[in-house]
Amino acid sequence: MSLKTMTRRSFVQLAAVTGAAMGLSGAVAGTALAEGDGAAAAAAGAGEVKRVRSCCRACGKNECGVYVYVQNGRAVKVEGDMDTAFHSMGNSCSKSQASMQAAYHPDRLYYPMKRTNPKGSADPGWTRITWDEAYAAIAAKFQELIDQYGGECMFFMGGTSRIWTQHAYAAWVQLVSSPNAVTAWQICKGPRHFATMMVSEYEGSWMATTDRPRVFVQWGTATEISNYDESCRTTVDIANTADAYISVDPRRTNLNHEADIHLYLKPGTDGALGLCWTNYIIENQLYDDLYVKRWTDAPFLVVEGMAPSGGAPMVQKIAWNVGKPMATRLLKECDLKEGGSPMRFMVWDELAGTDDAHPLHNNDASGHLTYYDAETTLWEGEPDVQWTETYPNPQPNLPELTVPGVIAKPSPFNPDIDPALYGEFDVTLADGQTYMAKPVWEHYAARAAEFPLDVTEQITGIPAATIEESVKTWATRIDPSTGYGNGGLQYGLAPEHACNGIQNNRIFDNLAGITGNWDTPAGNRGPTKGRFTRPDDSQPLLAAKHAPAHPEVWPDKILGVERIPTLGWWMNWADANAVCDAMVKGEPYRVRAGICEASGFMNQANSTKYWQGLNSLDFFVVQDMWKTPTAGAADLLLPVYHWLEVDFPRVSQGSTGAMGATCRAIEPPAECRFDPQIVTDVYQAMGVTWADAPEFSGFAEGEYWPTVERQMDDVVAGFGMTWAEYREAFQSHGWWDCREINPDGWGTYRRFETGFLTEDGLTPAGNMKRGFGTVTRKQELWSTVMETYEPDGRFNLPSWEPAPETELANPSITEEWPFLMTTGRRIPVYFHSEHRQLPWCRELWPAPRCEINPVDAEKLGVQQGDWVWIESPRGKVRQTVDLYYGIEPGVINCEHQWWFPELEQADKGYGLSTINCLVSEEDQDPVCGASYLRAYNVKVYKATSENSPFGNPVPCGDDGTPIICDASDPRLKKWLPTYDEALRNAQ
């Protein structure tokens, strides 16, 4: 039964049946706001204790199932849902348990606030105003700027979805018709989504780790600390149950010290290692031959010397973009004859041809030309028959509580052809000219061959024998009878941050594909296809339906597109560096205003320059819970809900397949509002309808600005339920496995065989085209997008280059900058810049740490706990020494996005320790613009009273006040929760 056909009755029946099958007793699972156990009540004191099942958002990315205990209207405890949350296995980390300290924090924003002092003042002079005043100010200023300069003079910042905060991607930019969204997505999983959109399928990077891989590969990530759904204790369980556990990481972690193979690579060399793995797999024929020939563009022919051709639009459906016309040297029928199709891609069939009259065959004894038709997804002569053959999932590592699903059988070639992967073939084009053509696979193999074991050892620092052992362990199937590989690649953010993000992610995606680990059990299968949609499969109303005024000119107006042409295809963000330049320099046009939803300027680009840019704006609005450094540059502050106060459905961000909800446990305080309400209200204040046509939106006549309740009902309308009914079902049943409620979509593996793509590439349903979301409908080793948007050919195939400010790129750099720095790792008690003001979290990790090998520390004359300066050509910051043998000599690991809420100044001391003050603003990923955040050389030296401001090695605010750097600091007590309404009113 698919989501489209599921009625309210069938959904509730399924909830009851699966709840019984999972052994859920009423006492354990509870009902909506059911009484908790006596121990919880006793711990909380007198009064009734109620329990609300929910989804934690304390770190913004995990979808951990939790219970929230509420006494007398106040949240008193958060604990993991051990009963139904099969994806998080009852996890409830320190951030989650500290959520009450955030919800009741004395420094939380409770009312709209207006700046009264000039930008750059240490004290912004915040004054409380009404919501009506705030909306009127926003509407008036936005309209003034639109009238004078056009909507592109505005930009919109979006952070993680810990509350909602996703409107920068669509609703805000649509409101004013601006293409300039500055999103954390550009440096946080966005590059892999960008890459997989052009290689295979949107978000195809997600690995189904809850399927329990036979070989678990963690590459540049540590999900046992924090990251996405199947993290924390689930990751630990996966690592312990796998036949082999491989970690690719420049440092030792709490989990990877148990790894069977640990590859200590130099920061920034991930792509070289990935291409080495590719080379070894090709040379040793560890690839899936049928998959490579049938489902990649490996057999397509590249014609040397032919002018790129095609003409089919490079459609990017998720961003209203038709794209440039395809221009590729892949051989097509239109290149061979007049009137031929640009979507019929030619291959050389190694079976000898027999039809001398065939106009395309060019018959000889070695074979002939034939084609694959991307419009029909059929090979020449292949019957148009929906492939439905499946077999049960035999994965032995699957836990009993999950629903295994079924796997589509590999489909054979029909007619029986054998596409060549190697060889040189003469082809005569329609103009009568003869050229030499070679299969993509031969080009791909040649590229990978540039990274043999011995060369890669020199680049990465990993012994060749260890590299060989790791790739053999992963790529050699433990049980060949299953018909698929040992598991995919779980790769994180680190490979995206050293100017090779898109290329690295292309390498990973292709590795998963050619080894039989794409959309297979424990493979890389993309995002959970259990999305909440309207009955007509359109996007829910939470995404505005208002059409942008000038989408056809947006590709040329996106800031950064001159340097990074592919942004005109991707269309989901403007380059953060270019937006900053437009604020400061006014080039190519001036950015004058913006709105920020729970994000910050410390996550990408150079923080010092960004602070300057934000303070140069004519008008800037920040929605958040706190007076962050970003808020210090704002003209208006708008207070928003905490996750304990939010009602919102949740579905796994990764490949877990879990569906549930964040359910309001406590009432929002004072005048805080939900982000969707704020953006809808601004639409109304500006007189812009939320949706252009009632018949399109499903609105009643005259209903142009839906309430949050209306939007929530719309999100779950595909289930035949209202939001209230869905919430009640979740409270009684718990988390649903999307493989069971959507067996034809999420319950089926190898969906490229059966057809899992609609025209928008987003929603699963039956009777769809087979293949992938690319223009060729193949997993593309040779990228038609890259060839079209970067015609110099440098990115047609995946490649790797050394990060610019490293010894590999500049051998003399160590003379002045001797340490190779990595950064950005997860800190267990924080999520990027969040939670620095929560006492439980801050006392556990009071100050930023710089991990240094003790051998290096001795040379520097520093000891545990000393403050050191870390310096690059852009500036210097201070962090404390953390002696650690788990990092290689010559490499240091620093922490990112530190700021100090205890400092009474607008910028909150971001410049004291924020590592992004050191990053280059010129160097970045040339395809997506991701900032150069890791793998650059710096110098390190001891901070002393002589070389530190105020004569204090401890960082201090502008007035000399030291930061909190010790768990015993009495200032932590000032942040203890308050329930005093009078204190809120004093704001």
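The values are calculated or read from the model by the stated rules, or taken from the named source; none is laboratory data. Computed from a predicted model, the values in this text were never measured in an experiment. Heads up, the Cβs are rebuilt from the backbone with ideal geometry, glycines too, and the neighbour counts pull from every protein chain shown.
Whether any residue in segment 254-262 is at pLDDT below 90 and either in contact with an Asp or Glu (Cβ under 6 Å, 6 or more places away or on another chain) or surrounded by fewer than 23 Cβ atoms within 10 Å (Cβ to Cβ) (or both) is what I want to check. Within segment 254-262, none of the residues are at pLDDT below 90 and either in contact with an Asp or Glu (Cβ under 6 Å, 6 or more places away or on another chain) or surrounded by fewer than 23 Cβ atoms within 10 Å (Cβ to Cβ) (or both). Scan segment 416-438 and tell me whether some residue there is buried (at least 17 other Cβ atoms within 10 Å of the Cβ) and under 30 Å from Arg251 (Cβ atoms). Among the residues of segment 416-438, not one is buried (at least 17 other Cβ atoms within 10 Å of the Cβ) and under 30 Å from Arg251 (Cβ atoms), which makes the answer no.
Just one residue in the set Ser247, Ser231, Ser205 is crowded, with 24+ Cβ neighbours inside 10 Å and part of a strand (DSSP E or B); that residue is Ser247. Of everything in segment 69-98, what is under 25 Å from Pro629 (Cβ atoms) and modelled with pLDDT of 95 or more? Give them in sequence order. The answer is Ala98, and nothing else.
Conditions (1) buried (at least 23 other Cβ atoms within 10 Å of the Cβ); (2) farther than 21 Å from Gln924 by Cβ; (3) in contact with a strand residue (DSSP E or B) (Cβ under 9 Å, 6 or more places away or on another chain), marked per residue:
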{"position": "Val785", "(1), (2), (3)": "yes, no, yes"}
{"position": "Asp792", "(1), (2), (3)": "no, no, no"}
{"position": "Glu807", "(1), (2), (3)": "no, no, yes"}
{"position": "Pro818", "(1), (2), (3)": "no, yes, yes"}
{"position": "Asp856", "(1), (2), (3)": "no, yes, yes"}
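Would it be correct to say that Ala222 is surrounded by fewer than 23 Cβ atoms within 10 Å (Cβ to Cβ), over 27 Å from Ser783 (Cβ atoms) and touching a residue at least 24 places away in the same chain (Cβ under 8 Å)? Judged against the criteria, Ala222 is a match.
For segment 192-200, indicate whether the set of residues that are touching a strand residue (DSSP E or B) at 6+ places or on another chain (Cβ under 9 Å), buried (at least 24 other Cβ atoms within 10 Å of the Cβ), free of Cβ contacts under 8 Å to residues at least 60 places away in the same chain and in a helix (DSSP H, G or I) is non-empty. No. Screening Asn767 with (1) modelled with pLDDT under 95; (2) touching a Ser or Thr at 6+ places or on another chain (Cβ under 8 Å) gives one miss only, at (2). For segment 441-473, a residue qualifies if it is closer than 23 Å to Ala298 by Cα and either in contact (Cβ under 8 Å) with a residue 60 or more places away in the chain or of a type in the set (S, T, N, Q) (or both), and the qualifying residues are Trp441, His443, Tyr444, Ala445, Arg447, Ala448, Ala449, Glu450, Phe451, Pro452, Val471, Lys472. Cβ-Cβ contacts under 6 Å between residues 6 or more apart (or on different chains), taken from a first residue in segment 515-536 that is within 20 Å of Gly773 (Cβ to Cβ) to a second residue that is modelled with pLDDT under 70 and part of a loop (DSSP other than H, G, I, E, B), are listed as Lys529/Pro764.
Taken as a whole, the structure leaves Ala312 outside the set of residues that are closer than 30 Å to His167 by Cα, of a type outside the set (D, E, K, R) and modelled with pLDDT under 95. Looking at Leu265, Leu275, which is the one that is assigned to a loop (DSSP other than H, G, I, E, B), within 19 Å of Thr473 (Cβ to Cβ), touching a residue at least 60 places away in the same chain (Cβ under 8 Å) and not charged (D, E, K, R)? One residue alone meets the criteria, Leu265. Screening Thr788 with (1) at pLDDT 95 or above; (2) touching a helix residue (DSSP H, G or I) at 6+ places or on another chain (Cβ under 7 Å) gives one miss only, at (2).
Would segment 921-929 turn up any residue that is among the polar types (S, T, N, Q) and out of contact with any Ser or Thr (no Cβ under 7 Å at 6 or more places or on another chain)? No, because not a single residue in segment 921-929 is among the polar types (S, T, N, Q) and out of contact with any Ser or Thr (no Cβ under 7 Å at 6 or more places or on another chain). For segment 829-872, filtered to residues that are part of a loop (DSSP other than H, G, I, E, B) and without any contact (Cβ under 8 Å) to a residue 24 or more places away in the chain, the residue that is nearest to the chain's Cα centre (by Cα) is Trp845.
Among the residues of segment 572-618, the ones that are small (Gly, Ala, Ser) and under 25 Å from the mean Cα position of the chain (by Cα) come to 9 in all.
Residue by residue, here is whether (1) outside the structural domain of Arg750 (by TED's automatic domain parsing); (2) farther than 24 Å from Gly586 by Cα; (3) part of a loop (DSSP other than H, G, I, E, B) holds:
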| residue | (1), (2), (3) |
| --- | --- |
| Asp147 | yes, no, no |
| Gln174 | yes, no, no |
| Pro179 | yes, no, yes |
| Pro213 | yes, yes, yes |
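Any chance segment 943-959 includes a residue that's among the β-branched types (Val, Ile, Thr), surrounded by fewer than 16 Cβ atoms within 10 Å (Cβ to Cβ) and over 24 Å from Arg74 (Cβ atoms)? Checked segment 943-959: at least one residue is among the β-branched types (Val, Ile, Thr), surrounded by fewer than 16 Cβ atoms within 10 Å (Cβ to Cβ) and over 24 Å from Arg74 (Cβ atoms). Please verify whether Leu286 is assigned to a loop (DSSP other than H, G, I, E, B), at pLDDT 95 or above and outside the structural domain of Glu380 (by TED's automatic domain parsing), treating the condition exactly as stated. For Leu286, the condition - assigned to a loop (DSSP other than H, G, I, E, B), at pLDDT 95 or above and outside the structural domain of Glu380 (by TED's automatic domain parsing) - is met. Contact map, segment 629-658: first residue assigned by TED's automatic domain parsing to the domain that holds Thr748, second residue buried (at least 23 other Cβ atoms within 10 Å of the Cβ) and assigned to a strand (DSSP E or B), Cβ cut-off under 8 Å, separation 6 or more or different chains; the map is empty. The set of residues from segment 322-342 being part of a loop (DSSP other than H, G, I, E, B), free of Cβ contacts under 8 Å to residues at least 60 places away in the same chain, touching a strand residue (DSSP E or B) at 6+ places or on another chain (Cβ under 6 Å) and under 21 Å from Pro299 (Cβ atoms) comprises just one member, Pro342.
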